[in-house]
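Trainee: Mind having a look at this structure? Questions to follow.
What follows is calculated from the coordinates using simple rules that are stated; it is not laboratory data. Because the structure is predicted, anything quoted here is derived from the model rather than measured. We place every Cβ from the backbone using ideal geometry, glycine too, and count neighbours over all the protein chains shown.
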There are 2 protein chains.
Amino acid sequence: MKKKRGLLAIGHTALDYIIKVKEFPVANASASIETMKNLYGGAAANVAMVGATIGLKTSLVSAVGKNFIDSEYHKQMQKLNIDTESLIISKNKDTPTAFVLTDENQDQISYFYLGAGKEFKKSAIPLKAIKKVEVVHLATGDPDFNCRSGIASKKEGKIVSFDPGQDLHLYDNKKLKEVIKNCNILFGNHFEIERILDSLSVDIEGLKELGPSIIIKTCGKDGSVIYNNHEKIRVDSVYRPATDPTGAGDSYRASFIHSYLNGDSLKDCAKFASSVSSFIVEKKGCQTNIPNFKEAKSRMRDFYNLDD
Amino acid sequence: MKKKRGLLAIGHTALDYIIKVKEFPVANASASIETMKNLYGGAAANVAMVGATIGLKTSLVSAVGKNFIDSEYHKQMQKLNIDTESLIISKNKDTPTAFVLTDENQDQISYFYLGAGKEFKKSAIPLKAIKKVEVVHLATGDPDFNCRSGIASKKEGKIVSFDPGQDLHLYDNKKLKEVIKNCNILFGNHFEIERILDSLSVDIEGLKELGPSIIIKTCGKDGSVIYNNHEKIRVDSVYRPATDPTGAGDSYRASFIHSYLNGDSLKDCAKFASSVSSFIVEKKGCQTNIPNFKEAKSRMRDFYNLDD
């Protein structure tokens, strides 16, 4: 049987409103919004969009509102041939939304609306979508749904990658252990990996014994570290002046998996991933400046002085 | 030549986010949104939607973002056969949006985004749309654009109705006088009419001499007062327990004009308008509970003990 290719991203699709005001109003007052940007986000959607743009076959399981269907965001996904057939569509709740307000002093206030994201809990494992792909990536979303999906994916013989991200605190130790047990690749930033080690009272070797054979710690502009077998591989980041770091991590994950499925060495996976991320940080938004495969490869070669 | 029927509403189409949180976060903190409702609003759009639902041929000139086209809101308008051909579409700004946040103590904070609404200023008078209708209604929007549109409509022999609403403070005296000079029907709530009289240092008779032959003062549950010739007509409101009064005024205006174009007496126009408004206040949102003509007529007859 032909090996199934492609990546399924499970987790949030979200809308981000980036809002600038002169000052935050006190209660019972109002403020004019100076500028407002409506950006596309959500960790799973970021992974699917970046993956699809660099040439990976991707599909997406997110919980969204009815209005999402045929919205501009959805149309973008369809244009990239992202398979959205297994989206969970809420009847009465809107697509998860984040409002990030910044005032003249660069102080911030954020409001998060989970909305349709609550539907994950009572939704069935997306088995049909899982069966179609080679890698299942569990992003920020619902811990329980991720856990169930991870178990099912492992059972189906899929490669499972897991990135709890800012949802890490939503996992109790039992659930965290369970998801980690069923994953092959674990992604986290410096703080998240430290926190996982701490919560589970293990070191990196102990963490690998629990499940993942590859652990990737991303450290922003300080590069990334990959733990595999008894190896520890350090890779510098492709440095670009950062306008907005949000989405860099998700783009790294999508590109790393793409490169990994191509059979590249872990070192080259990290280099390619870092090159893709360097495009994302150059512009505001998680999906605003995604390079194509050629552009990312070319910057990777230039930066690391690699041969063609 | 056959007389042209129908109403053109000029002014804002807007999106309203009604957001509930436990408490407002301080700077550099975040809050979870408990519930969020995305409602359709904007005074001109409210007038067009209500007008169309009760059977009036309506068209709309608003300044909106690119994403508005084929959005759910736009599709609703098209379903009601509202002519949106002359919408002003901003290339880089979104549709005007209001965020209204309420905390557990019922304190409120509001954020307003004018966005595409800024495009009115540099836009040409919508002459084509004006020529097609019998009444041009100037709602909250841009004072200068309203003023120019009012002059052109008057020149074209149209009935001009004007409702400055909460934008009243944006009109300087000269502009206010100019718009009023070119209108036939002036709408305002109790406070707004008082403020207009005060600003222009006139009484009701003096205001009528400036331009409008009909002045309608709406006073919420206390009914409305119509000034015409030397008459003063008081009409009780159709009382219904109010869940949300927003949009009541706009629905009153649309229905009054509808009835007026049907040749009803001013008293009956006010009764019909009050009946329609009584539906709007029953539900949250400006366009959520619009009755059809028959429902509104039936409630009007019941309340005022009128014969069929």
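Trainee: Kindly give the distances from B:GLY220 to its copy-mates, label point to label point, with each label point 7 Å from Cα along Cα→Cβ, as nm values to one decimal ordered shortest first.
Mentor: 5.1
Trainee: Moving on to the next point. So what's the net charge close to B:ASN67: Lys and Arg +1, Asp and Glu -1, counting the other residues with Cβ under 10 Å from its Cβ?
Mentor: Counting the neighbours of B:ASN67, the net charge comes to -2.
Trainee: Further, regarding this structure: What is the dipole size for chain A, taken about its Cα centre, with +1 at each Lys and Arg Cβ and -1 at each Asp and Glu Cβ, in debye to the nearest 20?
Mentor: I would put it at about 1280 debye.
Trainee: Determine the dipole magnitude for the range A:142-254: charges of +1 sit on the beta-carbon of Lys and Arg, -1 on that of Asp and Glu, nothing else is charged, the reference point is the Cα centre, and the result goes in debye to the nearest 20.
Mentor: Dipole of the range A:142-254, to the nearest 20 debye: 300 debye.
Trainee: Which chymotrypsin sites (Phe, Trp or Tyr not before Pro) does the range A:205-295 hold that lie in a coil by DSSP with at most 16 other beta carbons within 10 Å?
Mentor: A:TYR239
Trainee: With a cut-off of 8 Å between alpha carbons and a minimum separation of six or more residues, what is the relative contact order of the range A:195-308 in percent?
Mentor: 20
Trainee: Then there's this: With all distinct Cα pairs included, what does the Kirkwood hydrodynamic radius of the range B:143-243 come out to in Å, to one decimal, could you say?
Mentor: This gives a value of 14.0 Å.
Trainee: Same structure again: Regarding chain B, what whole-number volume in Å³ per residue does the convex hull of its Cα atoms give? Walk me through the numbers on the way to the answer.
Mentor: On the way: hull volume 45.7 nm³, N = 308.
Convex hull of Cα atoms, per residue: 149 Å³.
Trainee: Shifting gears a bit: How much of the DSSP bridge set in chain B is antiparallel, in percent, rounded to the nearest 5?
Mentor: 45
Trainee: Next question. Suppose you put the label 7 Å out from Cα in the Cβ direction; list, shortest first and in nm with one decimal, how far A:SER298 is from each other copy's label.
Mentor: 6.8
Trainee: OK, next. How many nanometers, to one decimal and shortest first, lie between the label point of B:GLY263 and those of its other copies, if labels sit 7 Å from Cα toward Cβ?
Mentor: So the distances to the same position in the other copies read 8.5 nm.
Trainee: Distance check, please: which entries in A:LYS217/A:LYS297; A:LYS174/A:LYS267; A:LYS283/B:LYS122 exceed 25 angstrom between their Cα atoms?
Mentor: Details: A:LYS217/A:LYS297 22 Å; A:LYS174/A:LYS267 32 Å; A:LYS283/B:LYS122 30 Å.
In this structure, A:LYS174/A:LYS267; A:LYS283/B:LYS122 lie more than 25 Å apart at Cα.
Trainee: Could I ask something else about it? Can you return the aspartates and glutamates within cross-link range of B:LYS79? Criterion is Cα-Cα under 13 Å, with same-chain partners fewer than 8 residues away left out.
Mentor: B:ASP70
Trainee: Taking the dipole about the Cα centre of the range A:74-233, with the C-beta of Lys and Arg at +1 and of Asp and Glu at -1, give me whichever of A:ILE88, A:VAL225, A:GLY206 is farthest to the positive side.
Mentor: A:ILE88
Trainee: Could you compute Rg(Cα) / (2.2 N^0.38 Å) for the protein assembly as shown, with N its residue count?
Mentor: Normalised Cα radius of gyration, the protein assembly as shown: 1.15.
Trainee: Restricting to the range A:1-101, compute how many DSSP beta bridges are antiparallel as a %, nearest 5.
Mentor: 40
Trainee: To make sure I understand the rule: partners must be lysines, Cα under 19 Å from the Cα of A:LYS128, and not fewer than 8 residues away in the same chain. Which ones qualify?
Mentor: Of all the lysines, those that pass the test against A:LYS128 - Cα under 19 Å, at least 8 places apart if same chain - are A:LYS2, A:LYS3, A:LYS4, A:LYS57, A:LYS154, A:LYS155, A:LYS158.
Trainee: Okay, moving on. Any idea what the relative contact order of the range B:1-118 is, in percent, if you count C-alpha pairs under 8 Å spaced at least 6 apart?
Mentor: Value for the range B:1-118: 30 percent.
Trainee: Another one. Which entries in A:LYS131/A:LYS294; A:LYS20/A:LYS75; A:LYS66/A:LYS93 show an alpha-carbon gap greater than 18 Å?
Mentor: With Cα atoms farther than 18 Å apart: A:LYS131/A:LYS294; A:LYS20/A:LYS75.
Trainee: Within 10 Å of each Cβ of B:223-229, how many other protein chain Cβ atoms are there on average?
Mentor: Mean number of neighbouring Cβ atoms from other chains: 0.
Trainee: Take chain B, connect every pair of alpha-carbon atoms lying under 10 Å apart with a spring to form a Gaussian network, then pick out the residue of B:PRO291, B:PRO126, B:PRO241 with the largest mean-square fluctuation.
Mentor: Result: B:PRO241 has the largest fluctuation of those listed.
Trainee: Need one value for A:104-113: mean number of C-beta atoms belonging to other chains within 10 Å of its residues' C-beta atoms.
Mentor: What the average comes to for A:104-113 is 5.
Trainee: Under 8 Å for C-alpha pairs, at least 6 residues apart: give me the relative contact order for chain B, rounded to a whole percent.
Mentor: With pairs under 8 Å counted, the relative contact order is 16 percent.
Trainee: Another question, then. Provide the FRET efficiency to the nearest 0.05 for the B:LYS37-A:ILE204 pair, computing r from the beta carbons and using R0 = 56 Å.
Mentor: The calculated FRET efficiency here is 0.75.
Trainee: How about the range A:56-135: which GluC sites (Glu not before Pro) there lie in a loop by DSSP and see at most 12 other Cβ atoms within 10 Å?
Mentor: A:GLU85, A:GLU104
Trainee: DSSP loop trypsin sites (Lys or Arg not before Pro) in the range B:82-165 with at most 15 other Cβ atoms within 10 Å of their Cβ, which ones?
Mentor: Answer in residue order: B:LYS91.
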